[in-house]
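Shown next, in structure tokens, is the structure this report addresses.
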Amino acid sequence: MINLISLIDFAGTAAFAASGALLAARHRLDIIGFIFVGCITGIGGGTLRDLFLNLPVFWVEQWHYVAICGCAAVFTYFATRFVNRGTKALLWADAVGMALFSVLGAQKALVLGVSIPVAAIMGVFSACFGGVIRDTLLNEVPIIFQKEIYITASLTGALGYCITAELTGLPNSIAVLIGCLAAFTVRALAITRNLSIPSHAGLD
């Protein structure tokens, strides 16, 4: 199980860093800009989660997370020449990172003995706030503030994991897979079918 969680952690970090680097490509940043935005995206949400849970910030003691972000950003820097401008590579990389971090954040919180609702919120923080920081730095409207089904997908995955892990008696590895698949499926449907939640009509 530790190996599975580590794999999810590394994969989510790389996917989020790649999503940050892809946005850096849209803004024509240099390779240092790619690395900086990739690192901010890859570790931002987890940093906020650890601060809220009163834990040591994970990447301060485990430098390899920064190395993963940097490598993913550099790889993306050179790989973007093969990416068609019309593709949704940024959305898909972000969707993978979101799904994995939703479960990882919730799992880390549950280990501390918090309630299911709090663990689910920690999962959402882990999954969403790296992207918020990324978009804000590059003067983009954060995806969670658009008509995208994003927080809903993250919350679905985090709750799916928490409920399965805590209430069903199924192995934790199955709960992890269920949570990741739930979050990714909801987000994938939103991307491929342009689904969104109706927004408020506003005030006159």
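The values are calculated or read from the model by the stated rules, or taken from the named source; none is laboratory data. Values in this document were obtained by computation on a predicted structure and should not be read as measured data. Using ideal geometry, Cβ is built from the backbone for each residue, glycine included, and neighbour counts are taken over all protein chains shown. Heavy atoms of the whole protein, side chains included, go into the accessibility calculation; ligands, DNA and RNA do not. Shrake-Rupley method; radii C 1.70, N 1.55, O 1.52, S 1.80 Å.
Quick notes on this one:
- Exposed loop sites were defined as trypsin sites (Lys or Arg not before Pro) in DSSP loop states (anything but H, G, I, E or B) carrying at most 15 other C-beta atoms within 10 Å; in the chain the longest segment without such a site runs 89-146.
- For the chain: accessible area per residue (Å², 1.4 Å): 51 Å²
- Annotation for segment 128-200 versus segment 30-84: alpha-carbon center distance of 19 Å.
- Among Val141, Gly160, Asn172 - extreme Cα towards positive end, dipole of segment 97-204, charges at beta-carbon: Asn172
- Counting only Cα atoms, the size of segment 1-120 along its three principal axes is 46, 27, 24 Å, in decreasing order.
- Shown for the chain: cysteine residues without a partner Cβ closer than 4.7 Å, namely Cys71, Cys128, Cys162, Cys180.
- Sorting the Cα pairs of segment 102-204 by distance into bins of 10 Å, from 0 upward, gives 17, 40, 30, 11, 2, 0 percent per bin.
- Cβ-based charge dipole, segment 19-133, positive-most Cα from Thr41, Val114, Leu53: Thr41
- Heavy atoms of Ser173: accessible area, 1.4 Å probe, square angstrom to 10: 40 Å²
- Using the Cα coordinates of segment 97-152, the gyration tensor eigenvalues translate into equivalent-ellipsoid semi-axes of 24, 11, 8 Å, sorted from longest to shortest.
- When all protein chains stay in place and ligands, DNA and RNA are ignored, the 1.4 Å accessible-area order of Thr192, Thr47, Thr156, largest first, is Thr192, Thr156, Thr47.
- Residues Asp9, Asp30, sorted by accessible area with the largest first, give Asp30, Asp9 [1.4 Å probe; ligands and nucleic acids excluded].
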